[in-house]
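Notes for the one structure printed next.
The values are calculated or read from the model by the stated rules, or taken from the named source; none is laboratory data. Just so you know, these numbers come straight off a predicted model, no measurement behind them. All Cβ positions, even for glycine, are placed from backbone atoms using ideal geometry, and neighbour counts span all protein chains on display.
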Amino acid sequence: MRSGWIIGVLIACLLAATSASAEGGYDLWLRYRPLPPTSAATVRAHAGAIVTQEADPRIASAKAELIRAVEGLAGTAPTSDAVMRPGAILLGTPARSPLVRQLGLPLAGLGNEGYVIRSVVIAGSPTIVVAANDGAGVLYGAFALIRHLQRGDPIDRIALQSRPEVGLRVLNHWDNLDRQVERGYAGQSIWDWWRLPGQTDARYTDYARANASIGINGAVLNNVNAKADSLTTPYIAKAAAVADVLRPWGMKVYLSARFSAPIELGGLKTADPLDPAVARWWRGKADEIYRAIPDFGGFLVKANSEGQPGPRDYRRSHADGANMLAAAVAPHGGVVMWRAFVYADTDPEDRAKQAYTEFKPLDGRFADNVIVQVKNGPIDFQPREPFHPLFGAMPKTPLMIEFQITKEYLGFATHLAYLGPLFAETLAADTYGKGRGSTVARVIDGSLDGHRLTGMAGVANIGTDRNWAGSIFDQANWYAFGRLAWDPRAKPDAIAADWAAATFTPDPRFLAPTVAAMMRSREAVVDYMTPLGLAHLMATGHHYGPGPWVADLARPEWNPVYYHRADANGIGFDRTRTGSNALAQYAPPVASRFADPKTIDEQYLLWFHHVPWDHRMADGATLWDTLVRRYDRGVAQVADTRDTWARLKPFVDAERHGRTADALRVQLEEAQWWRDASIAYFASLSRRPLPAGLPPPAHPLDWYKAQRFPWAPGNPQ
Ligand code: BDP
């Protein structure tokens, strides 16, 4: 008897050890591994049953997820009930659940997606209620409760309340129909278009669960560099099958629309937005989509940008194009997300200025259901950019912000770079559009200018990799995007802590060093790739590795030399009055802050100023010495994170620890490569020695120039 018991325990331990060591990361932050015994007992006492009284698919999802979470965290699955019993969690809306209604909870002002979580007493029994005005809010409340449980936080007197500050919280998948993901570093597209609609994948549900858990409520399924095929009848049926899976998790699908589709699919001779036949074609197409997907979200459009067709081909404005599409989806409640990422090689103006020049005059000319989607910075998702000057400059137009979650310019999936600080830095930036306090967050949550249509988009980093995102730590960027879209004022370190606790362990001995390393990680990338306001120094096409010397590409603004402008005298892009005057696109208090190389925040110095190599920095050191030291500091930071991670081994299963350790080793090599190549190149121009004690580059400059990577991932074909 006793030896049987011991063998049983041994087998259980073995199983636990094997499953722990075989964690590939598929479960993301929804792992639900057992809590310490006392926390587990508390959860069991409060979550013996999940009670619902209404048939709403989102509430059904909430219930299923809570059952799964409690079972994993506390070891016993709650029962599913329609009547109260002691120690239950009650989920529902006052409109349809009498038990919720009688509680009279303060739900006014929470909209459809907000929620209230409270400890209450029903018929003498302590109960946790998750209540909302709609099933969507119940779903988000359930996930908030789960987050609480995962942290091991006390639940006997819980009182949480939240509502999203931003309406459209969407992922943009740059996924092609052949499953290649443009700028994707995590395998193929999860959308298996070929097998759809007949076969869907269990991954689609897990994808939707993960998004719902962080409040993401929409997905644009196909690349902004769109093929018209996505709008054909067979592909609409495929998108509809995906929509059916995502819907119970509160998510809508959207499609990127190719502006010339009326020509390619409709046999028309033109896609001129003011041609009635074109408008009619789009209306018919929208009607067809809504028959298949009644809650279709709408279209995302990249027009007249990097070779894509658009209204400018017909001498029409972006507003003409957007409004025509908006009219097609308006009867169905759809929206058009129209991108402001435009620049043209025929335009000699500084690339950083072109979007503003083109869109600012259109302020107030867009239809009510158009929202203009603006990248966080004026160039292109660089490791650091100042905020885009359109924020704060188009008060009559709803603007949504677009971040890149996939790390095209921050070391692909291999480099550990937590983007929470990057996102938060832009959101907190003050545009002074309406005086002090006009932050980007207030522009995009609509509060600054009173807009109801609001949004935040993130270019997804999701693929078929077992861990979804290319690495475990890249999952944190998906997570942080969702949490910041819900609350643009949330703190990135708190988000990192929630993520790391759910993904690994809430043990503070693990959390503190991990969060600290995450919080420093993006700055490290800035340091070893593009310090002090430099930008766009990557190699051509695939954008893997350094290429600051590249000067021979067809379009001037594709060449790194266009951006850094380094020569024997100095370095940096003069965007002041003596240069391109991009500065004038910012409100005067911002412009004056950036105008003086002596007072500008040094992280933007070379973005706005061309300065001599011997320019004195605030601390008295020369620019050249500071530049080299920044490169060095970035590399040192990666080495430090590698060492920290090595020490954290006891807290992490072998597989996830090992894969992360491997990635950090690769990152360190690549950080060194960026540092050495950049220093070798800039030293060839500055002709100055390295500061004393700093090692010279490992190879001569020509060696770095000769590196070729024809099969680097993510490059558009
Ligand atoms: C650039 C990417 C390119 C995208 C483009 C965009 O390199 O692949 O198509 O952004 O946002 O950064 O449209």
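So the values come out like this:
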quantity: Any pair with Cβ under 7 angstrom, 6 or more apart, that starts in the stretch 485-505 at a residue that is farther than 20 Å from Ala441 by Cβ and ends at one that is assigned to a helix (DSSP H, G or I) and hydroxyl-bearing (Ser, Thr, Tyr); calculated: Trp499/Tyr479; Ala500/Thr514
quantity: Qualifying position, being surrounded by fewer than 24 Cβ atoms within 10 Å (Cβ to Cβ) and either within 16 Å of the ligand (Cβ to nearest atom) or assigned to a loop (DSSP other than H, G, I, E, B) (or both), among Leu110, Leu99; calculated: Leu110
quantity: Output for the stretch 222-264, where each listed residue is within 22 Å of Asn211 (Cβ to Cβ), assigned to a loop (DSSP other than H, G, I, E, B) and among the β-branched types (Val, Ile, Thr); calculated: Val224
quantity: Hits in the stretch 497-552 (condition: of a type in the set (Phe, Trp, Tyr) and in a helix (DSSP H, G or I)); calculated: Trp499, Phe510, Tyr528
quantity: Selection count, the stretch 344-361, where residues are more than 16 Å from the ligand (Cβ to nearest atom) and buried (at least 20 other Cβ atoms within 10 Å of the Cβ); calculated: 3
quantity: Checking Pro106 against (1) within 28 Å of the chain's Cα centre (by Cα); (2) farther than 29 Å from Val253 by Cα, the condition it does not meet; calculated: (1)
quantity: Filtered residues of the stretch 136-191 (kept if surrounded by 19 or more Cβ atoms within 10 Å (Cβ to Cβ), part of a loop (DSSP other than H, G, I, E, B) and within 16 Å of the ligand (Cβ to nearest atom)); calculated: His173, Trp174, Asn176, Glu182, Arg183, Gly184, Tyr185, Ala186, Ser189
quantity: Within the stretch 291-310, tally of residues that are more than 16 Å from the ligand (Cβ to nearest atom) and either in a loop (DSSP other than H, G, I, E, B) or surrounded by fewer than 18 Cβ atoms within 10 Å (Cβ to Cβ) (or both); calculated: 7
quantity: Qualifying residue in the stretch 250-263 (condition: touching a Lys or Arg at 6+ places or on another chain (Cβ under 6 Å) and crowded, with 24+ Cβ neighbours inside 10 Å); calculated: yes
quantity: Sole residue being in contact with a Ser or Thr (Cβ under 8 Å, 6 or more places away or on another chain) and either more than 14 Å from the ligand (Cβ to nearest atom) or free of Cβ contacts under 8 Å to residues at least 60 places away in the same chain (or both), chosen from Phe366, Phe341; calculated: Phe366
quantity: Some residue of the stretch 458-465 being under 19 Å from Lys375 (Cβ atoms) and part of a helix (DSSP H, G or I); calculated: no
quantity: 3 or more residues among the β-branched types (Val, Ile, Thr), surrounded by 17 or more Cβ atoms within 10 Å (Cβ to Cβ) and within 31 Å of the chain's Cα centre (by Cα): qualifying helices (runs of 4 or more DSSP H) within the stretch 622-714; calculated: 623-647
quantity: Among the residues listed as Tyr479, Tyr432, the single one being in the same structural domain as Val253 (by TED's automatic domain parsing), modelled with pLDDT of 95 or more and under 25 Å from Pro588 (Cα atoms); calculated: Tyr432
quantity: Some residue of the stretch 410-423 being at positive phi and away from the ligand (no atom under 15 Å from the Cβ); calculated: no
quantity: The one condition in (1) within 16 Å of the ligand (Cβ to nearest atom); (2) in a helix (DSSP H, G or I); (3) crowded, with 24+ Cβ neighbours inside 10 Å that Gln373 fails to fulfil; calculated: (2)
quantity: Check on Pro378, within 30 Å of Ala524 (Cβ to Cβ), within 16 Å of the ligand (Cβ to nearest atom) and either part of a strand (DSSP E or B) or in contact (Cβ under 8 Å) with a residue 24 or more places away in the chain (or both); calculated: yes
quantity: Any hit, the stretch 247-254, residues being within 28 Å of Ser61 (Cα to Cα), within 16 Å of the ligand (Cβ to nearest atom) and of a type outside the set (A, V, I, L, M, F, W, C); calculated: yes
quantity: Single residue of the stretch 588-599 satisfying the filter (surrounded by fewer than 21 Cβ atoms within 10 Å (Cβ to Cβ) and aliphatic (A, V, I, L, M)) that is nearest to Gly572 (Cα to Cα); calculated: Ala595
quantity: Pairs with Cβ under 7 Å, 6+ apart, first in the stretch 163-187 and assigned by TED's automatic domain parsing to the domain that holds Asn211, second within 12 Å of the ligand (Cβ to nearest atom) and modelled with pLDDT under 95; calculated: Gln180/Gln717; Glu182/Pro716
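Per-residue answers, yes or no, for (1) in a helix (DSSP H, G or I); (2) modelled with pLDDT under 85; (3) under 28 Å from the mean Cα position of the chain (by Cα); (4) of a type in the set (S, T, N, Q):
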site: Ile6; (1), (2), (3), (4): yes, yes, no, no
site: Leu30; (1), (2), (3), (4): no, no, yes, no
site: Leu35; (1), (2), (3), (4): no, no, no, no
site: Ser39; (1), (2), (3), (4): yes, no, no, yes
site: Ala45; (1), (2), (3), (4): yes, no, no, no
site: Ala60; (1), (2), (3), (4): yes, no, yes, no
site: Val70; (1), (2), (3), (4): yes, no, no, no
site: Ser80; (1), (2), (3), (4): no, no, no, yes
site: Arg85; (1), (2), (3), (4): no, yes, no, no
